[in-house]
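J.: Handing you a structure now.
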Amino acid sequence: MATRARVRAPELIGKGGWLNTGDQQYTLADLRGRIVILDFWTFCCINCLHVLDELRELEQKHADTVVIIGVHSPKFVHEAEHQAVVDAVERYEVHHPVLDDPELATWKQYAVRAWPTLVVIDPEGYVVAQHAGEGHAHAIEKLVEELEAEHEAKGTLRRGDGPYVPPEPVATDLRFPGKALLLPSGTFLVSDSTRHQLVELEPDGETVVRRIGSGERGFGDGEFSEPQGLALLPSGKVIVADTVNHALRTYDPESGAVETVAGTGRQWMQGEPTSGPAREVSLSSPWDVAVFDGLVWIAMAGVHQLWTYDPESATVRVAAGTTNEGLVDGPAAEAWFAQPSGLAATEDRLWIADSETSAVRWIDKDRVVHTAVGTGLFDFGHRDGVAGQALLQHPLGVTALPDGSVAISDTYNHALRRFDPASGEVATLATDLREPSAAVVAGEDVVVVESARHRLTRLRLPEEAVRVESVAHRTQRAATEVAPGALQLDVVFQAPTGQKLDTRYGPSTRLLVSSTPPELLLEGDGAGTDLARALTLNPEVTEGVLHVSAMAASCDDDPDNEYPACHVHQQDWGVPVHLTKGGADRLPLVLAGLDAQA
């Protein structure tokens, strides 16, 4: 096998301690002899959730040689709370040890720059590969097989059971519910996400009427996988965003039948069709659905877009967003979103909870996107008042209220907020709600999905708001110090062993660069096919964020195979930078390859 750079892996440290180990604390020395894969993740990040699913098969297949360790590295303040990490580990069925690193200590030790990042450590404790983004499971499995053979021969591979100890199960009627819908019968239908079911509750919001789905993760017509959004169709059926199955399903409350109406069960990847027969086009983590302007709109969290599904023609298509992550308003085809996760329709607009920008957006019938609250990827907090100054923290839901205002499930602030378009003001309606993810209006009440308390909570719609002390935050990631003027951007991509760049139909790489504020970049913004770019930074702008999106396509290098399997590697980076004399004049970002420190 090819010679690799040998860089000793830094120790694993994190003030939050270890989860899924039965309270056992681990060092890398304890894991010597095993292949260790570090998964740097944060639970708000849809790409991180994709990687969790990508790794499940590898985790099972190589259970006696591979130890996956999730290093939880928070973006939002709420994600630094230990109990929130405990909840997320259960919510997303993480079946490996997790190191809670609220201060990003291990993140800094490994010079990580993006969520998610995977680092592979060999049985002797050396870093041998680093991959940013998703789509790397195939390459990592090939590397694991090589390492198994190499270290078996050297006598340095130690097989056996891993350190994972599952937590004790907890009995509740709901477990991390996602969304809810008031049915015409007066009962509530709830997506019981972690249990992979839908649950119908009596009008009291507590008594279980029936459960829909086997309760096991799957794609059969009696199965779901982490379902989220629900919307009532004119036919009386309910359309369901079956998130981890990357599909839309319908549920008939009369017959109990479940049918797949959109999606292939596979995650959409760059280069695949974005319109066509609904059952033949892949989707990517649909998180919510709403009926607006005669179509079913889909919050396609996995690719930062809005799509539509037309039940009449049984087709899907992209409606808004470019797949680039950020906050850009304007015509739908040019707008940027960041993990849209909640939708609510009124007569003239579709409200959107754009979670990663901590924003509430809306799109009108002319397909123009507007922002009501929020400024970008790195500013968040709990501040009421004029919408242009108000702050949210990773909202997952929006609800149209009878008076024309919008309730916001301000998830990481544990609050229900309200934006009033007439006054342009944001107010707090209720606090002490544990990770509210959605709400529905029921008469004079609003019923909130308290996801992390595993229940529905009924509140009377208040006439006056609650006064909350203003708090503002920026993500705690340290800014990269760079010199003003010339900056060389290099996205490092090395085709995995056994693969080569796919150049059969032209360039196999893509690079898109922009900045916040736009004035930060004097030269070098825009799209291109070279993974290296000369940038010029404005010396009059002291800090900002460089937005970098990279993609590379590689195929199996087998001359005897006329149709080799191909793989897409992609990642978006938002790199906070501080311009200072003596700062770096080169910014390397690893998409895939040997560790950047080597």
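Rule-based calculations on the coordinates, nothing more; no lab input. Predicted model only: the values in this text are computed from it and were never measured. Every residue, glycine as well, gets a Cβ built from its backbone with ideal geometry; the counts of neighbours run over all protein chains shown.
J.: Report, by chain and number, residues whose modeled amide H sits under 5 Å from the one on residue 590, excluding near sequence neighbours (fewer than 5 apart, same chain).
T.: 492
J.: Taking the highest mean first, how do the peptides 30-36, 532-538, 127-133 order by number of other beta carbon atoms within 10 angstrom per residue?
T.: The peptides rank, most packed first, as 127-133, 30-36, 532-538.
J.: Right, here's the next one. Report the rotationally averaged projected area of segment 395-456 based on its alpha-carbon convex hull, in square nanometres.
T.: Over all viewing directions, segment 395-456 projects a mean Cα-hull area of 3.8 nm².
J.: Given contacts defined as C-alpha pairs under 8 Å and at least six residues apart, what's the relative contact order of segment 177-271, whole-number percent?
T.: 18 percent
J.: Under 5 Å between amide H atoms, partner at least 5 residues away or on a different chain: which partners does residue 257 have, H built in plane at 1.01 Å?
T.: 252
J.: Given the chain, what count of lysine pairs have C-alpha atoms under 26 Å apart, with each pair 8 or more places apart or on different chains?
T.: Lysine pairs meeting both conditions in the chain amount to 13.
J.: Per residue of segment 378-394, what does 6.51 cos²θ - 1.76 cosθ + 1.60 with θ = phi - 60° give for ³J(HN,Hα)? Whole Hz please, x for Gly and Pro, Karplus curve as stated.
T.: Listing the rounded values in order: 10, 10, 7, x, 10, 9, 8, x, 4, 4, x, 10, 5, 10, 10, 9, 6 Hz.
J.: Please compute one quarter of the surface area of the Cα convex hull for segment 108-233 and express it in square nanometres.
T.: About 12.3 nm², averaged over all directions.
J.: Amide H of residue 209 versus every other amide H placed in the peptide plane: which residues, excluding those fewer than 5 positions away on the same chain, fall under 5 Å?
T.: For residue 209, the qualifying residues are 200, 201, 202.
J.: Would you kindly work out the equivalent ellipsoid of the chain from its C-alpha gyration tensor and give its semi-axes, the square roots of five times the eigenvalues, largest first in whole Å?
T.: Square roots of five times the eigenvalues give 37, 28, 25 Å.
J.: Sticking with this one: Treating only the Cβ of Lys, Arg, Asp and Glu as charged (+1, +1, -1, -1), what charge dipole size does segment 1-169 show about its Cα centre? Round to the nearest 20 debye.
T.: 660 debye
J.: Viscosity 1.002 mPa s, temperature 20 °C: give me the Stokes-Einstein translational D for segment 1-71 in µm²/s, with Rh taken as the Kirkwood radius over C-alpha pairs.
T.: 153 µm²/s
J.: If you don't mind, there's one more thing I want to ask. Take residue 317 and residue 333, extend 7 Å from each Cα along the Cα→Cβ direction, and tell me the distance between the two endpoints in nm.
T.: Spacing of the two 7 Å Cα→Cβ label points: 1.1 nm.
J.: Given Cα pairs under 8 Å that are at least 6 residues apart, what percent is the relative contact order of the chain?
T.: 10 percent
J.: Using R₀ = 51 Å, calculate the FRET efficiency as 1/(1 + (r/R₀)^6) where r is the Cβ-Cβ separation of residue 156 and residue 444; round to 0.05.
T.: Using R0 = 51 Å, I get an efficiency of 0.15.
J.: With a cut-off of at most 11 other beta carbons within 10 Å, and DSSP calling the residue loop, which GluC sites (Glu not before Pro) in segment 200-305 qualify? Please list them.
T.: For GluC sites (Glu not before Pro) across segment 200-305 that sit outside H, G, I, E and B with at most 11 neighbouring Cβ atoms in 10 Å, the list reads 254.
J.: For the residue pair residue 57 and residue 30, what label-to-label distance in nm results when each label sits 7 Å from Cα along the Cα-to-beta-carbon direction?
T.: 3.1 nm
J.: Distances over 24 Å make up what percent of all Cα-Cα pairs in segment 185-307?
T.: When all Cα pairs of segment 185-307 are counted, 23 percent exceed 24 Å.
J.: Taking just the alpha carbons, could you work out the radius of gyration and Dmax for segment 479-598, both in angstroms?
T.: 16.4, 56
J.: Between residue 558 and residue 365, how high is the FRET efficiency from 1/(1 + (r/R0)^6) when r is the Cβ-Cβ distance and R₀ = 51 Å? Nearest 0.05.
T.: 0.50
J.: To the nearest 20 debye, what is the magnitude of the charge dipole of the chain about its Cα centre, counting +1 on the Cβ of each Lys and Arg and -1 on the Cβ of each Asp and Glu?
T.: Its charge dipole is roughly 740 debye.
J.: Let me ask you something else. Let me test this: with uniform point scatterers at the alpha carbons of segment 216-256, what is the Debye-based log₁₀ I(q)/I(0) at q = 0.17, 0.20, 0.24, 0.32 1/Å?
T.: Those come out to -0.42, -0.56, -0.78, -1.11, one per q.
J.: Which of the listed residues, 422, 275, 471, is farthest toward the dipole's positive end in the chain, when Lys, Arg count +1 and Asp, Glu count -1 at the beta-carbon?
T.: Going by the charge dipole, the pick is 471.
J.: Let me ask something else. How large is the convex hull of the C-alpha atoms of segment 338-455 per residue, in Å³?
T.: Dividing the Cα hull volume of segment 338-455 by its residue count gives 94 Å³.
J.: Could I ask something else about it? How long are the three semi-axes of the equivalent ellipsoid for segment 1-169, computed from the Cα gyration tensor as the root of 5 times each eigenvalue, in whole Å, largest first?
T.: 24, 17, 15
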